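Heads up: the structure comes next, in structure tokens.
The values are calculated or read from the model by the stated rules, or taken from the named source; none is laboratory data. All values derive from a computational prediction rather than experimental measurement. Note: ideal-geometry Cβ built from the backbone for every residue, glycine included; neighbour counts use all protein chains shown. Quick note on the areas: whole protein, heavy atoms, side chains included, nothing else; ligands and nucleic acids left out. Shrake-Rupley method; radii C 1.70, N 1.55, O 1.52, S 1.80 Å.
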Amino acid sequence: MTFKKKHIVAIDDEESVLINLEKKLKKFLECNFYGFKNSDEGLNFIRENPVDLILLDLLMPEKSGFEVLSEIKEDENLKRIPIIILTVKADAEAIDEAFERGADDYILKSFYENELLARVKRILRSKEMEEELLRYERDKVALQLGGGIAHHFNQPLTVLTMGFEIIRTLLETQHPEALKTIDKYLKMCEDSTAKISKIVDKLSSLKKYRLMKYVGDMHIFDLSLDNDE
């Protein structure tokens, strides 16, 4: 099984652990590895860069792994990043607390190479599957939304288009002077209707769309479709 190049962050106050992790992970995985001895530096990096997996030590002098874990899982933008806890010994109480705070797995620092790789690969694959499912659901919603909008807009747009044509014809034949006065406004209405019709035509067979940031952390579908990107 092959993986796209991943971005893996490790936070541990022991330099030797970070060196060992990077060496073992890069030996078998196509990945970018970022190691941090300081919790806050690691958190800042995670907030500002795309990250696929976090390896987190629980016992650190300045800010514990429990605190870092809670901060990540309480952040709407970060909470879906999987986290594997690094621990010196199989402390059931500490591990249970880590899981309660949102950890995805744990591994002993005295790990075997194969165990580390197996768990990292499993977590990364689970993340990929979750992202694929989210994309599928989002695409499905976009298609349903586009089809629904097109269905409900087609008839009113047809009526508007016909109505403007009838108004223009009547004015041209019966009130040409009045047409000269309102022609530019009528043209604006016709152009706007044509633009909406074009958007509706694209929505009926929607294949591409974008997400745009709305209020707060909310994202909405950008259905303006002003270009064919």
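The figures follow:
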{"read-out": "Förster-model FRET efficiency, 41 Å R0, L59 and D139, C-beta, rounded to 0.05", "value": "0.40"}
{"read-out": "Burial ranking of peptide ranges 121-130, 16-25, 169-178, 186-195 (average Cβ count within 10 Å, highest at the top)", "value": "16-25, 121-130, 186-195, 169-178"}
{"read-out": "Within the accessible area of the stretch 50-102 (1.4 Å probe), percent carbon and sulfur", "value": "48"}
{"read-out": "Distance violations [Cα-Cα > 18 Å] among K24/K89; K4/K27; K73/K127; K24/K63; K4/K37; K26/K89", "value": "K24/K89; K24/K63; K4/K37; K26/K89"}
{"read-out": "Solvent exposure of the stretch 1-47 as accessible area per residue, Å², 1.4 Å probe", "value": "57"}
{"read-out": "For the stretch 67-120: accessible area per residue (Å², 1.4 Å)", "value": "54"}
